[in-house]
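S.K.: Pasting a structure here, questions to come.
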Amino acid sequence: MNVAFAVILVTSLAQAYWIGVRGWDWLSVLLLMVATVPLGLTVKIFELRFKMADGEWRLVLRELPRSRKMELAVYGALAVTVFALQPKLLAWALWGVWLYDFVTYYHDRPERIRHLYAVTKILDELREFPAPWAWALPALAWELVRKTIVR
């Protein structure tokens, strides 16, 4: 986590130095960070894939409700749209992912708990995560408003 923090900090500082963040861009940065929070959960799920056998991984994915899979698909489409609308600020998006991981770091540290418990905890977190698609909506709405009205 410390290496990720250092990489994110360096990329953010480099982006701020060479491209800059001025005026209303700061609101875009903040909303972009909020929009990327659900990606932190996706990273945890992605990491689990490498800690499980193929059959076990398929069983875990079957336990995920269909509605949650659809919500995550909608979130993915919205997030890609938001990222495409503001590619110059993408370095800042990593903060949302890192902050989600940082906030949830201590309640399910895989290296300190049993494998089965880690899988169960991450699945519970995935099931209980509030409307992943809604996290990207403010950033998308702001970018559309900004592109049409604010300049």
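S.K.: Taking 0.36 nm per intervening residue step and subtracting the Cα-Cα distance, what contour gain separates residue 56 from residue 22 on full extension?
M.R.: 7.4 nm
S.K.: How much of the accessible area of region 1-99, in percent, comes from carbon and sulfur atoms when a 1.4 Å probe is used?
M.R.: Answer for region 1-99 is 73 percent, counting heavy atoms of protein chains only.
S.K.: Let me ask another. Kindly express, to the nearest 10 degrees and within the range 0 to 90, the angle between helix 2-18's C-alpha long axis and the longest C-alpha principal axis of the chain.
M.R.: Helix 2-18 sits at roughly 20 degrees to that axis.
S.K.: So, one more: For the chain, with a Gaussian network of springs between Cα atoms less than 10 Å apart, report the residue from 125, 56, 71 with the top mean-square fluctuation.
M.R.: Among 125, 56, 71, the largest GNM mean-square fluctuation belongs to 56.
S.K.: Please compute the length gained on full extension between residue 81 and residue 127, using 0.36 nm multiplied by the number of residues separating them and subtracting their Cα-Cα distance.
M.R.: 14.1 nm
S.K.: Charges at C-beta only: +1 for Lys and Arg, -1 for Asp and Glu. How large is the resulting dipole of the chain about its Cα centre, in Debye rounded to 20?
M.R.: Result for the chain is approximately 220 debye, rounded to the nearest 20.
S.K.: Among the lysines, which fall within straight-line cross-link reach of residue 147, defined as a Cα-Cα distance under 22 Å, with same-chain neighbours fewer than 8 residues apart omitted?
M.R.: The qualifying lysines are 88.
S.K.: Using the per-residue mean of other Cβ atoms lying within 10 Å as a proxy for protection, in what order, highest first, do the peptides 140-148, 15-23 fall?
M.R.: Taking the mean over residues of other Cβ atoms within 10 Å, the ranking is 140-148, 15-23.
S.K.: Same structure, new question: Taking the chain as the reference, fit the longest principal axis to its C-alpha atoms, fit the long axis of helix 90-103 to the helix C-alpha atoms, and give the angle between the two in degrees, 0 to 90, nearest 10.
M.R.: 40 degrees
S.K.: Rounded to the nearest whole Å², what accessible area per residue is found for region 1-100 with the 1.4 Å probe?
M.R.: Value for region 1-100: 58 Å² per residue.
S.K.: Here's something else I'd like to know. With the radius of gyration and the Kirkwood radius both derived from the Cα set of the chain, what is their ratio Rg to Rh?
M.R.: My calculation puts Rg/Rh at 1.02.
S.K.: Additional query: Can you list the lysines whose alpha carbon sits under 27 Å from that of residue 51, skipping same-chain ones fewer than 8 residues off?
M.R.: Leaving aside lysines fewer than 8 places away in the same chain, those within reach of residue 51 are 69, 121.
S.K.: Let me ask something additional. Work through the residues other than residue 93 whose Cβ is under 15 Å from its Cβ and net out their charges, Lys, Arg +1 and Asp, Glu -1.
M.R.: -2
S.K.: Could I ask something else about it? Would you kindly state how much longer the chain becomes between residue 140 and residue 102 on full extension, computed as 0.36 nm times their sequence separation minus their alpha carbon distance, in nm to one decimal?
M.R.: So the chain would gain 11.2 nm between residue 140 and residue 102.
S.K.: Just from its helices, what would the mean residue ellipticity at 222 nm be for the chain, if runs of 4 or more DSSP H residues each count -39500 (n - 2.57) and the sum is divided by every residue, rounded to the nearest 500 deg cm²/dmol?
M.R.: -23500 deg cm²/dmol
The values are calculated or read from the model by the stated rules, or taken from the named source; none is laboratory data. None of the values given here were measured: they were computed from a predicted structure. Note that we place each Cβ from the backbone using ideal geometry, even for glycine, and neighbour counts take in every protein chain shown. Just so you know, the surface numbers come from the protein's heavy atoms only, side chains and all, with ligands and any DNA or RNA stripped out. Shrake-Rupley method; radii C 1.70, N 1.55, O 1.52, S 1.80 Å.
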